[in-house]
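Quick notes on the structure that follows.
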Amino acid sequence: MNQLTQGAQANLNGKMFENRIESIIQGKTANYESQVPYTNLYGSDRARMDFCINGKINLNIECKYQKVSGSVDEKIPFCIENLLKQDKDGVLVLGGHHFYTPRGEKILAWAENTLKNTKVSVVRADNFSDFLDEVFKA
């Protein structure tokens with residue numbers, strides 16, 4: 001019986017989550033790319049943006065999935081700073097049960113407060129389709 005390591009399972013969950021988000025994007029526009037290179041705030045040009053919508057709107061999209069409390073929590077501020085550094089609007093899409101727990105709620109509230117009056121938003125995955133509808137309406 002082959003059991004996935006915790007890290008391998010996390011990677012699989014993250015990829016399945018990205019596929020779900022990509023499906024939502026595809027339902028709204030064909031003008032997008034995935035895994036787009038960019039230079040992160042540490043100067044690494046090996047960083048990849050999960051998705052970039054181009055055309056009528058220009059939007060960078062980063063996805064973070066977490067089922068339970070763990071290391072993704074610590075990556076969120078870094079992700080937000082990278083989105084703020086870009087020349088496009090951005091959105092951080094949070095998925096997984098963790099973001100409905102008390103700790104996850106605090107993380108979401110912190111991110112929303114941090115991003116007030118910026119070009120970057122944070123949304124839970126189940127609100128992402130509605131978020132894109134609003135962006136395309138504007």
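Looking at the stretch 25-41, which of its residues are touching a residue at least 60 places away in the same chain (Cβ under 8 Å) and open to solvent by 60 Å² or more (accessible area, probe 1.4 Å)? Break it down into steps so the answer makes sense when it comes.
Of the residues in the stretch 25-41, the ones touching a residue at least 60 places away in the same chain (Cβ under 8 Å) are 25, 27-29.
Passing the criteria: G27, K28.
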Report summary line: Here the qualifying pairs (Cβ atoms under 7 Å; residues six or more apart or on different chains; first in the stretch 79-94 and closer than 21 Å to I24 by Cβ; second among the aromatic types (F, W, Y)) come out as Q86/Y38; V91/F131; V93/F128
Report summary line: Within the stretch 84-100, residues of a type in the set (A, V, I, L, M) and touching a Leu at 6+ places or on another chain (Cβ under 9 Å) come out as L84, V91, L92, L94
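The values are calculated or read from the model by the stated rules, or taken from the named source; none is laboratory data. Since the structure is predicted, the reported quantities are computational estimates derived from the model, not experimental observations. Cβ atoms come from the backbone with ideal geometry, glycine included; neighbour counts cover every protein chain shown. With ligands, DNA and RNA removed, areas are computed over all heavy atoms of the protein, side chains included. Shrake-Rupley method; radii C 1.70, N 1.55, O 1.52, S 1.80 Å.
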